[in-house]
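Asker: Okay, handing you the structure first.
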Amino acid sequence: MSILLDHVNYIYGENTPDEKQALIDVSVEIKENEMIALVGHTGSGKSTFVQLLNGLEAPSSGTVYYQGTDISEPSFSKRELRGKVGLVFQYPEYQLFEETVIRDVQFGPKNMGFRDLDIELYSFEALKKVGIGDELLDASPLSLSGGQKRRVAIAGVLAMQPEFLILDEPAAGLDPAGKREIMELLKSLHEEKKITILFVSHSMEDVAEYAKRVLVMNEGRIVLDGRSEQIFSYQKELEQIGLGVPQSVSLVNSLKKHGWDIKGMPIKYGETVEAIYEAVTRRSGGSI
Amino acid sequence: MKKIVEIKNLVHEYARRDSEGNVAEIVRAVDSVNLEIEPGAFVAVLGANGSGKSTLAKHLNALLMPTEGTVLIDGKNTEDREKLLDIRKTAGMVFQNPDNQIVANVVEEDVAFGPENLGVPTEKLEKRVHDSLKAVDLFEERKKSPNRLSGGQKQRAAIAGILAMRSKCIILDEATAMLDPVGRKQVLQAVLELNREEHITVILITHFMEEVIEADQIFVMKQGEVVLSGTPRQVFSRKELLEECGLTLPDAARIAWGLKLKGLSVRTDVLSMQELEEELNGIGVSHGGV
């Protein structure tokens, strides 16, 4: 099960003075059960990329395959694709519009043409997954907190039973507690429900903590694609394209440069604490 | 010296309405806040979503009026209708969404909009716009359409517009939240330079702990109240209280805490990775060669 982009180009405003190539020869495969972060500065092509994944945009040239089928084929159901590849936009809470939480969440599965019983079941399940309790089902979405609204918006996409969940900056604008909540939610959806997740993020700390694979975009191209540990070993290259590495990785790199014997390439918080602790212990001959 | 901001017992309440428009409850968004800010200070306000930070900020240039209490900006009461223009000129605000704050089709016209409305004569206006664009490093972009700017550039254009009004105080209401790391750095650098070189008061409202470690003073809000204030080192020594407020420590301090909990005797009030590295080197040396 996969989404495959094969030599995809995307040009905005073709044959106008504003013509701009947003994607240049992008080939990449997103496989089953992955947890991927997509990083790149504003204008690097991330948003165009995610909109190609569920057919909201069509490539200027090249092909997008879903489960081996070219999605531009007339017989291919775009509606079904949008259910299978759920896309959560930036600040999705601005798109809540129904009078109650439950009706907002039911909107997606209703549109997919699911049976009434399924619509109800999927909506309740989705709200449970994102941690919205029964007492809020009939509340107005507008009365919820920012973090709650965002979780309702995600539930609306989950209720369509997607196999891939694509999120454009899911933690933007949230406070540290809200941010952790959303990222932990994605982690549990990935680990427990086996949903493939691709999230766009500007926070290298979140990327290090939560992603297994990282795609780095710059000027319309995917310039790096690999496991998180590999990607963050390219500190200089990432800084050159305005991204950088998590602060903790800078610290570890600097300690190593100054003669500290730190094992491996810790990128997560827990790993970093452990690796530094061991290095301090070794350095002082175990006599702390 | 006269304070640039003086807030006494500020309370702000608003009515939350249900779908039929009836008042469902009264929300106290700001609750008995007292605070003073010295001219030329760099002050940060931290707090979770919904803690009242933005409501507080909107009182600083009279976008909102107190339910109770008073707000004085450079000695002027925000409820004095005759001083309104003066207050808005003194305290300029940059909002979160870069796309909602643009009024003109050309960058330099956008920057000129504020001072022009204040009646600044043309010859002075040109110089002000020129200087302001230079100050935020946007001079090369002055003839462009604002649509062509990046998010960080748009926010800097908004800052230039405030500078061109000769404001004494800039309030950034989560103005970096929607920017990428480069844009965020550019905006912060621009306001920090203005603070250091032009002594413009900066009030930074944010969720990013790393942005506030150079502040002179931090105010932490929770449920409408200021529950903690002090220097960054004082504020970030209150780990538990910050976590109750939905906030966290800067990454360097989080790592230091992790090491301390494993039994290392390290300082936990480090604010930057550089400080933490120095601290770690100190431990290495004192035990080295045993």
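Asker: Once the principal axes of the Cα atoms of chain B are found, what is the range along each, listed largest first in whole angstroms?
Answerer: Projected onto the principal axes, the Cα atoms of chain B cover 74, 51, 44 Å.
Asker: Report the antiparallel proportion of the DSSP beta bridges in the protein assembly as shown as a percent, rounded to a multiple of 5.
Answerer: Expressed as a percentage, antiparallel bridges in the protein assembly as shown total about 55.
Asker: Determine, for A:Ser284, A:Ser77, A:Ser201, the number of other Cβ atoms within 10 Å of each Cβ, and report the residues in order from fewest to most.
Answerer: By the 10 Å Cβ count, ascending: A:Ser77, A:Ser284, A:Ser201.
Asker: Report the FRET efficiency, 1/(1 + (r/R0)^6), for B:Gln274 and B:Ile26, where r is their Cβ-Cβ distance and R0 is 45 Å, rounded to 0.05.
Answerer: 0.40
Asker: Further, regarding this structure: Which shape class applies to the range A:1-113: rounded if a/c is under 1.5, otherwise prolate when a/b exceeds b/c and oblate if not, where a ≥ b ≥ c are the square roots of the Cα gyration tensor eigenvalues?
Answerer: It comes out prolate by the Cα gyration axes.
Asker: Here's another thing I want to ask about it. Students often forget the sequence filter, so: which lysines lie under 23 Å Cα-Cα from A:Lys256 once same-chain residues fewer than 8 apart are removed?
Answerer: A:Lys236, A:Lys268, B:Lys260, B:Lys262
Asker: Something else about it: Quick one: which residues, 5 or more positions from A:Asn218 or on another chain, have an amide H under 5 Å from its amide H? H modelled 1.01 Å from N in the peptide plane, none for Pro or chain starts.
Answerer: A:Val223
Asker: Okay, next question. Could you give each residue of the range B:112-128 its phi-based ³J(HN,Hα) in whole Hz, using Karplus coefficients 6.51, -1.76, 1.60 with θ = phi - 60°, and x for Gly or Pro?
Answerer: These are the phi-based 3J(HN,Hα) values: 7, 4, x, x, 4, 5, 7, x, 5, x, 3, 5, 5, 4, 4, 5, 4 Hz.
Asker: What list of whole percents do you get for P(r) of the range A:246-288, with Cα-Cα distances grouped in 10 Å bins up to the one holding the largest distance?
Answerer: The distribution over the range A:246-288 is 31, 56, 13, 0, given as percents.
Asker: For the range A:1-106, which GluC sites (Glu not before Pro) are both in a DSSP coil and crowded by at most 10 other Cβ atoms within 10 Å?
Answerer: When the GluC sites (Glu not before Pro) of the range A:1-106 are filtered for loop state and at most 10 Cβ neighbours within 10 Å, A:Glu19 remain.
Asker: Give the order of A:Asp134, B:Asp180, B:Asp31 when sorted by the count of other beta carbons within 10 angstrom, beginning with the fewest.
Answerer: Exposure proxy ranking, most exposed first: A:Asp134, B:Asp31, B:Asp180.
Asker: To the nearest 0.05, how large is the calculated FRET efficiency for B:Leu118 and A:Arg282 if R₀ is 56 Å and r is the Cβ-Cβ distance?
Answerer: With a Förster radius of 56 Å, E is 0.30.
Asker: Rounded to the nearest 5, what % of DSSP beta bridges with both residues in the range A:2-234 are antiparallel?
Answerer: Of all bridge pairs located within the range A:2-234, approximately 55 percent are antiparallel.
Asker: Still on this structure, I have one more. HN-Hα J couplings of the range A:54-68 from phi, Karplus 6.51/-1.76/1.60, θ = phi - 60°, integer Hz, Gly and Pro as x?
Answerer: 10, x, 5, 10, 10, x, 6, 8, x, 10, 10, 10, 10, 6, x
Asker: On to the next question. How many nm separate the modelled label positions at A:Arg103 and B:Glu38, each set 7 Å beyond the Cα in the direction of the Cβ?
Answerer: My value for the distance between the label points is 5.6 nm.
Asker: Something else now. Amide H neighbours of B:Gln217 under 5 Å, counting only residues 5+ apart in sequence or on other chains, H built in-plane at 1.01 Å?
Answerer: B:Phe42, B:Ala44
Asker: Right, here's the next one. Give, in nm to one decimal, the length gained when the segment between B:His199 and B:Arg267 is fully stretched (0.36 nm per residue of separation minus the Cα-Cα distance).
Answerer: Here the segment from B:His199 to B:Arg267 would lengthen by 21.2 nm.
Asker: Could you grab the relative contact order for chain A? Cα pairs under 8 Å, six or more apart, rounded to a whole percent.
Answerer: 21 percent
Asker: What is the average number of partner chain Cβ atoms found within 10 Å of a Cβ in A:173-186?
Answerer: Per residue, the average neighbour count from other chains is 4.
Asker: Another one. Tell me which residues come under 5 Å, amide H to amide H, from B:Leu228 once H is placed; ignore anything under 5 positions away on its chain.
Answerer: HN-HN under 5 Å from B:Leu228: B:Val220.
Asker: Over chain B, what is the relative contact order in whole percent, taking alpha-carbon pairs under 8 Å and six or more residues apart?
Answerer: Once divided by the residue count of chain B, the mean separation gives 21 percent.
Asker: Right, next: Once label points are set 7 Å from the Cα along Cα→Cβ at both A:Thr69 and A:Lys193, what is their separation, rounded to one decimal in nm?
Answerer: 2.3 nm
Asker: Got the relative contact order for the range A:246-288 handy, in percent, Cα pairs under 8 Å and 6 or more residues apart?
Answerer: About 36 percent, as a whole number.
Asker: Rounded, prolate or oblate: which fits the range B:12-64 when a ≥ b ≥ c are the square roots of the eigenvalues of the alpha-carbon gyration tensor, with rounded for a/c under 1.5 and prolate only if a/b beats b/c?
Answerer: It comes out prolate by the Cα gyration axes.
Asker: In addition: Going by average Cβ neighbours within 10 Å, how do the peptides B:251-261, A:223-233 rank, with the highest at the top?
Answerer: Going from most to least packed, we get B:251-261, A:223-233.
Asker: So how many Lys-Lys pairs in the range A:2-234 land under 15 Å Cα to Cα, not counting same-chain pairs under 8 apart?
Answerer: 17
Asker: Right, next: Would you mind giving the mean number of other chain beta-carbons within 10 Å of the Cβ of each residue in A:38-47, as a whole number?
Answerer: Counting Cβ atoms of other protein chains within 10 Å of each residue's Cβ and averaging gives 3.
Asker: In what sequence do B:Thr248, B:Thr122, A:Thr272 fall when counting other Cβ within 10 Å, fewest first?
Answerer: Ordered from fewest to most neighbouring Cβ atoms within 10 Å, B:Thr248, B:Thr122, A:Thr272 come out as B:Thr122, B:Thr248, A:Thr272.
Asker: Is the shape of the protein assembly as shown rounded, prolate or oblate, going by the alpha carbon gyration tensor and its root eigenvalues a ≥ b ≥ c, with a/c under 1.5 for rounded and a/b larger than b/c for prolate?
Answerer: rounded
Asker: Through the Karplus equation 6.51 cos²θ - 1.76 cosθ + 1.60, θ set to phi - 60°, convert the phi angles of the range B:276-282 into ³J(HN,Hα) values in whole Hz; use x for Gly and Pro.
Answerer: 5, 5, 4, 4, 5, 4, x
Read-outs: derived from the displayed coordinates by stated rules, not from any lab. If you're wondering where the values come from, they're calculated on a predicted model, not measured in any experiment. A quick note on method: Cβ atoms are made from the backbone with ideal geometry, for glycine too, and the neighbour counts reach across all protein chains shown.
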